[in-house]
Amino acid sequence: AQKVTQAQTEISVVEKEDVTLDCVYETRDTTYYLFWYKQPPSGELVFLIRRNSFDEQNEISGRYSWNFQKSTSSFNFTITASQVVDSAVYFCALSEASTGNQFYFGTGTSLTVIP
Amino acid sequence: DAGVIQSPRHEVTEMGQEVTLRCKPISGHDYLFWYRQTMMRGLELLIYFNNNVPIDDSGMPEDRFSAKMPNASFSTLKIQPSEPRDSAVYFCASGGQGASGANVLTFGAGSRLTVL
């Protein structure tokens with residue numbers, strides 16, 4: 001079973017629109033960590049954010065915000081006023097304490113921001 | 001810190017040849033992961049190490065793949081013999097447990113392998 005599901009394979013938005021990338025995870029652990037990574041066209045994987053399971057406080061960093069809801073096992077990522085430079089593949093990931101910190105990545109959402 | 005360093009960045013080889021990919025993790029990180037990325041299968045975990053010891057190699061496709069970590073600053077992923085279906089980008093990532101108990105993986109730039 002997929003531990004991390006990113007149902008949106010591809011999204012296209014026009015510049016300055018807001019866009020939300022969905023992430024749903026599955027775990028029985030009480031202690032776990034959630035992550036978002038960005039992979040721009042250049043190919044490298046860049047860490048964006050980490051949340052632990054005990055901290056449901058939403059986080060905002062500039063145009064980026066993350067909504068963590070344990071009740072729905074979701075960790076969604078919103079980009080406000082999107083820009084062309086936001087075009088990338090975004091990966092959500094889960095790390096469980098019980099599985100020795102193995103990382104489970106979703107299949108990624110490819111975001112294209114059209115100028 | 002120079003980050004996670006992978007070499008070579010690009011490798012083109014012929015079927016049947018041996019391929020060795022190299023990784024230097026970030027100093028102080030005690031976890032090292034090897035991933036493979038293809039369009040068809042996305043990011044696949046091949047193997048990961050903790051304190052130089054392989055913890056889970058269930059993702060290694062077959063006996064043609066092997067990985068070693070002889071010390072804390074170096075790891076290799078070897079494919080012998082290589083096949084066209086091994087063509088992919090291979091990422092190395094390292095992580096430190098940290099006070100929070102959670103790894104944050106830092107990825108290398110990847111090694112793009114093409115097997116003809």
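Listed values, structure above:
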{"quantity": "Residue-averaged beta-carbon neighbours from other chains (10 angstrom radius) around B:103-110", "calculated": "6"}
{"quantity": "Table column - 3J(HN,Hα) (Hz), the range B:21-28, Karplus curve with 6.51, -1.76, 1.60, x for Gly and Pro", "calculated": "9, 10, 8, 10, x, 6, 4, x"}
{"quantity": "Per-residue HN-Hα couplings for the range B:40-47 [Karplus 6.51, -1.76, 1.60; θ = phi - 60°; Hz; x = Gly/Pro]", "calculated": "6, 10, x, 8, 10, 7, 8, 6"}
{"quantity": "Reachable lysines, given that their alpha-carbon falls under 29 Å from the alpha-carbon of A:Lys16 and they are not under 8 places away in the same chain", "calculated": "A:Lys38"}
{"quantity": "Over the range A:1-71: Rg over Rh, Cα atoms, Kirkwood Rh", "calculated": "0.96"}
{"quantity": "The range A:81-115-the range B:39-105 distance, computed between alpha-carbon centres (Å)", "calculated": "19 Å"}
{"quantity": "5 angstrom amide H check on B:Leu46, placed H, neighbours 5+ away", "calculated": "B:Trp34, B:Tyr35, B:Arg36"}
{"quantity": "Likely footprinting exposure, A:Ile49, B:Ile47, A:Ile114, fewest C-beta neighbours within 10 Å first", "calculated": "A:Ile114, A:Ile49, B:Ile47"}
{"quantity": "Highest-fluctuation residue, A:Arg51, A:Arg63, A:Arg28 considered, GNM on chain A with Cα pairs under 10 Å", "calculated": "A:Arg28"}
{"quantity": "Phi to ³J(HN,Hα) by Karplus 6.51 cos²θ - 1.76 cosθ + 1.60 over the range A:34-45, Hz, x for Gly, Pro", "calculated": "10, 9, 10, 10, 10, 10, x, x, 5, x, 6, 9"}
{"quantity": "Coil-residue GluC sites (Glu not before Pro) of the range A:1-64, DSSP, other Cβ within 10 Å capped at 16", "calculated": "A:Glu15, A:Glu17, A:Glu26, A:Glu44, A:Glu56"}
{"quantity": "Rg [Å, one decimal], Dmax [Å, integer] - chain B, C-alpha atoms", "calculated": "13.6, 46"}
{"quantity": "Shielding score for A:50-59, defined as the mean number of other chain Cβ atoms within 10 Å", "calculated": "1"}
{"quantity": "Kirkwood hydrodynamic radius (C-alpha pairs) into Stokes-Einstein, the range A:43-115, 20 °C and 1.002 mPa s, D in µm²/s", "calculated": "155 µm²/s"}
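Every read-out reported here was derived from the displayed coordinates using simple, explicitly stated rules and does not represent laboratory data. For clarity, every value in this text was computed on a predicted model and none was experimentally measured. So basically every Cβ, Gly included, is an ideal-geometry build from the backbone, and we count neighbours across all protein chains shown.
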